[in-house]
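A.B. asks: Below are the structure tokens for one structure; questions will follow.
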Amino acid sequence: MSDFKDLAELLFPNITKSPDYYEELYPQRDLPEGARVSRFSPSPTGYLHFGGLYAATAAKQNCVVTGGKFYLRIEDTDKKREIDGGIDAIVDGLDAFGITRDEGVIDQDNEIGEYGPYIQSKRAEIYQTFAKSLTEQGLAYPCFCSEEDLEQMRAKQENEDIKGYWGKYAKCRDLSFDEIKANIEAGKTWTLRLKSPGSADGKIKFEDLIKGKIEMAENVIDIVLLKANGIPTYHFAHAVDDHLMRTTHVIRGDEWIASVPLHLQLFKVLGFKPMKYAHFAPILKEDNGGKRKLSKRKDPEAAVSYYVEQGFPKESVSEYIFTILNSNFEDWRRANKDADLASFPFNLKKMSVSGALFDMVKLLDVSKNVISTMKAEKVFALSYEWAKAYHPQLASLYEKDTERATAILNIDRENKKPRKDIAKWSDIPDYISYMYDETFTPCYELNGNATPQLAADVLEKYIDTVNLDDDKDTWFARIKDLCEPLGCTANVKEFKQNPEAFRGHVGDVSTIIRVALTGRTNTPDLYSITALLGEETVKARLNAALKHYKEEI
Ligand code: GLU
């Protein structure tokens with residue numbers, strides 16, 4: 001109808017391109033069969049949420065395992081919700097956890113890839129071109145309703161099943177060309193609405209890759225496509241962008257599932273091939289015996305910056321995210337101990353339908369494992385970086401002697417059964433506190449069969465025999481040799497068979513020395529600790545402990 005053509009010209013006089021122009025500009029991607037294209041497309045409204053990192057990891061891995069492309073798009077069409085530095089917060093959060101992108105936004109001013117711009121506010125002309133084309137075909141129309149008009153409409157709809165701008169409530173749907181022209185000439189503002197082809201009893205079916213087959217009522221609402229400022233709504237931008245960026249899989253939060261009928265309708269009227277959808281449930285957390293959403297307001301661990309501040313290595317956070325992304329991940333990990341995460345055969349269908357559970361204890365556990373497999377040099381380098389930003393005292397202890405610090409971190413590492421004491425870099429100051437006089441706090445509490453009297457007797461002798469040049473066997477032989485003359489036994493079995501006959505066994509003797517040197521009953525390898533403390537400190541601590549026990553007796 002020529003009226004529609006005139007209408008399109010009236011509404012969009014400055015738009016000279018056609019959808020075909022963009023279809024050619026952004027050709028189908030030349031990728032191998034089965035390769036998937038997904039995106040992470042947050043709005044720059046605040047810090048990056050743990051759920052965002054989870055979503056980005058899922059979308060990225062979906063592409064990685066199929067040899068596809070993963071990109072970052074910024075959805076900044078709602079300027080009211082945007083915050084300053086919002087894009088940097090997202091980019092920095094992704095970078096900190098190793099979510100690299102094949103394409104898309106690098107920072108506020110830079111992007112890579114052939115399918116951009118990847119920031120929606122830079123795509124106004126593209127949206128308007130498609131909006132103009134819909135108008136030309138009679139599939140979209142301008143609406144002049146004011147906020148008050150819409151309020152009145154809502155008031156009248158209280159008892160309607162379907163609420164919104166539709167059917168007899170869609171006041172501007174059938175305005176004539178002349179009426180529209182008069183409104184525009186009178187300077188009235190307008191939004192562009194979809195002329196929904198849906199019917200109230202129509203149904204649509206689709207297969208969600210996480211939630212399975214879904215049937216929903218067809219969309220009948222004439223939703224806003226372009227706001228009065230010419231900027232699109234999420235819905236219209238989603239359809240245009242994901243089509244032109246040649247996305248194959250949309251992986252997003254399930255708050256969008258109710259909009260799928262609308263989105264499929266938009267694809268239809270725009271003549272686009274629909275893509276696959278995967279809607280994931282929000283991440284949950286146990287609280288007071290129940291489960292609730294991980295909350296930006298209540299939970300510090302909801303912000304990814306928390307993991308940076310606490311000093312969780314990115315490897316740990318990624319490993320943990322994979323454990324909650326796919327239920328079979330941990331089995332895979334057991335069978336592929338050293339494999340790179342990128343080779344995990346991630347499957348959207350194995351994502352939790354009801355919502356993955358965030359569990360801090362599990363994260364700490366996963367992280368201890370990850371850190372236990374790192375070389376001391378890496379632990380030193382990463383924790384030193386962290387300390388410089390978050391723990392100046394640790395940084396300056398390290399700086400006194402970086403080789404010694406690395407050697408401390410190497411105790412009980414790089415062997416078949418490395419200790420798992422460190423879950424995050426912020427555990428290190430306490431973990432190594434007794435290795436530095438500046439942070440050592442003596443504590444002379446004993447356990448087992450060790451008494452202050454036995455401690456005094458052991459230390460008195462040990463002070464004379466300890467020799468820091470000993471190798472490990474000699475060192476331990478000396479401790480064993482202390483036992484018999486003091487009424488203890490070097491043989492724990494013997495002690496167990498006849499406990500009455502001894503004051504204690506070699507374990508108790510070692511504990512006494514350990515407590516004197518470290519203030520703790522449980523530490524990594526005492527031989528290495530002794531060697532790294534150095535003669536002067538060892539002697540001083542043994543003497544101080546001896547003095548303490550003598551006074552205590
Ligand atoms: N910008 C949308 C949001 O932040 C993205 C949804 C999507 O991935 O399509 O919720």
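Rule-based calculations on the coordinates, nothing more; no lab input. The shown structure was predicted, so the numbers you read here are calculated from the model rather than taken from an experiment. Cβ placement follows ideal geometry from the backbone for every residue including glycine, while neighbour counts extend to all protein chains displayed.
A.B. asks: Would you please calculate the Kirkwood hydrodynamic radius of the chain over all C-alpha pairs and express it in Å, rounded to one decimal?
C.D. replies: Computed over the chain, the radius equals 28.5 Å.
A.B. asks: Collect residues whose amide H, placed 1.01 Å from N in the peptide plane, falls under 5 Å from the amide H of Arg39; neighbours closer than 5 in sequence don't count.
C.D. replies: Excluding prolines and chain starts, which carry no amide H, the hits are Tyr71, Ile251.
A.B. asks: Normalise the Debye intensity by I(0) for segment 1-151, one equal point scatterer per Cα, no solvent, then take log10 at q = 0.10, 0.13, 0.17 Å⁻¹ and round to two decimals.
C.D. replies: For segment 1-151, the Cα-only Debye profile gives -0.49, -0.76, -1.04.
A.B. asks: Moving on to the next point. Testing the spin-label approximation: label points 7 Å from Cα along Cα→Cβ at Asp174 and Lys350. State their distance in nm.
C.D. replies: It works out to 5.6 nm between the two label points.
A.B. asks: With each run of n ≥ 4 DSSP H residues scored as -39500 (n - 2.57), what mean residue ellipticity at 222 nm is computed for the chain after dividing by its residue count and rounding to the nearest 500 deg cm²/dmol?
C.D. replies: So the helix-based figure for the chain works out to -13000 deg cm²/dmol.
A.B. asks: I'd like the distance separating the alpha-carbon centroids of segment 113-138 and segment 83-104, in whole Å.
C.D. replies: Comparing the Cα centres of segment 113-138 and segment 83-104, I get a distance of 24 Å.
A.B. asks: Identify unpaired cysteines across the chain, taking unpaired to mean no other cysteine Cβ lies under 4.7 Å from the residue's Cβ.
C.D. replies: Lone cysteines by the Cβ rule: Cys63, Cys145, Cys443.
A.B. asks: Compute the orientation-averaged projected area for segment 45-108 from the convex hull of its Cα atoms and round it to one decimal in nm².
C.D. replies: Computing the convex hull of the Cα atoms and averaging its projections yields 4.3 nm².
A.B. asks: Round to the nearest 0.05 the FRET efficiency obtained for Thr402 and Asp525 when R0 = 22 Å and r is the Cβ-Cβ distance.
C.D. replies: About 0.60, to the nearest 0.05.
A.B. asks: Please label the shape of segment 374-452 as rounded, prolate or oblate, based on the square roots a ≥ b ≥ c of the eigenvalues of the alpha-carbon gyration tensor (a/c under 1.5 means rounded; beyond that, a/b larger than b/c means prolate, else oblate).
C.D. replies: oblate
A.B. asks: Calculate, for Asp470 and Asp340, the FRET efficiency according to 1/(1 + (r/R0)^6) with r their C-beta to C-beta distance and R0 51 Å; round to the nearest 0.05.
C.D. replies: Efficiency, from the Cβ-Cβ distance: 0.75.
A.B. asks: Considering Cα pairs under 8 angstrom that are at least six residues apart, work out the relative contact order of the chain and quote it in whole percent.
C.D. replies: 12 percent
A.B. asks: Over segment 470-553, what is the relative contact order in whole percent, taking alpha-carbon pairs under 8 Å and six or more residues apart?
C.D. replies: 20 percent
A.B. asks: Another question, then. Restricting attention to segment 370-408, which GluC sites (Glu not before Pro) occupy a DSSP loop and are surrounded by at most 10 other Cβ atoms within 10 Å?
C.D. replies: none
A.B. asks: Can I ask one more? Arrange the following residues from fewest to most other Cβ atoms within 10 Å of their Cβ: Asp254, Asp401, Asp178.
C.D. replies: Ranking Asp254, Asp401, Asp178 by Cβ neighbours within 10 Å, fewest first, gives Asp178, Asp401, Asp254.
A.B. asks: How large is the direction-averaged shadow of the alpha-carbon convex hull of segment 377-513, in nm²?
C.D. replies: Spelled out: convex hull of the Cα atoms, projected over all directions, averaged, 10.1 nm².
A.B. asks: Now a separate question. Using a 7 Å offset from the Cα along the Cα-to-Cβ direction at both Asp430 and Glu286, what is the distance between the two label points in nm, to one decimal?
C.D. replies: 2.1 nm
A.B. asks: Let me ask something else about it. Please report, in debye to the nearest 20, how large the charge dipole of the chain is about its Cα centre when each Lys and Arg carries +1 at its beta carbon and each Asp and Glu carries -1 there.
C.D. replies: Charge dipole of the chain: 1380 debye, to the nearest 20.
A.B. asks: Using the charge dipole of the chain (Lys, Arg: +1 at Cβ; Asp, Glu: -1 at Cβ; taken about the Cα centre), state which of Ser316, Val515, Ile184 has its Cα farthest towards the positive end.
C.D. replies: Working it through, the farthest residue towards the positive pole turns out to be Ile184.
A.B. asks: Could I ask something else about it? Where both residues lie in the chain, what percent of DSSP beta bridges are antiparallel, nearest 5?
C.D. replies: 55 percent
A.B. asks: Follow-up. Could you go through segment 13-22 in sequence order and give the Karplus-derived ³J(HN,Hα) for each residue, using 6.51 cos²θ - 1.76 cosθ + 1.60 with θ = phi - 60°, rounded to whole Hz, and x for Gly and Pro?
C.D. replies: Calculated HN-Hα couplings, in order: x, 8, 8, 10, 8, 10, x, 4, 4, 6 Hz.
A.B. asks: State the antiparallel share, in %, of DSSP beta bridges confined to segment 26-154, rounding to the nearest 5.
C.D. replies: Expressed as a percentage, antiparallel bridges in segment 26-154 total about 30.
A.B. asks: Moving on. So what is the relative contact order for segment 150-239, in percent, with contacts set as C-alpha pairs under 8 Å and at least six apart?
C.D. replies: Dividing the mean separation by the residue count of segment 150-239 yields 27 percent.
A.B. asks: Treat every Asp and Glu Cβ in segment 96-186 as -1 and every Lys and Arg Cβ as +1, leave all other atoms uncharged, and give the resulting dipole magnitude about the Cα centre to the nearest 20 debye.
C.D. replies: 260 debye
A.B. asks: Pick out, in residue order, every one of the GluC sites (Glu not before Pro) in segment 43-142 that is DSSP loop and has at most 11 other C-beta atoms within 10 Å; say none if there are none.
C.D. replies: Taking segment 43-142 and a limit of 11 other Cβ atoms within 10 Å, the loop GluC sites (Glu not before Pro) found are Glu114.
A.B. asks: A follow-up question, please. What distance in nm lies between label points placed 7 Å from Cα along the C-beta direction at Leu31 and Lys80?
C.D. replies: Each label point lies 7 Å from its Cα, and together they span 3.6 nm.
A.B. asks: While we're here: Sorted by mean Cβ packing within 10 Å, highest first, what order do the peptides 13-25, 308-320 take?
C.D. replies: Final packing ranking: 308-320, 13-25.
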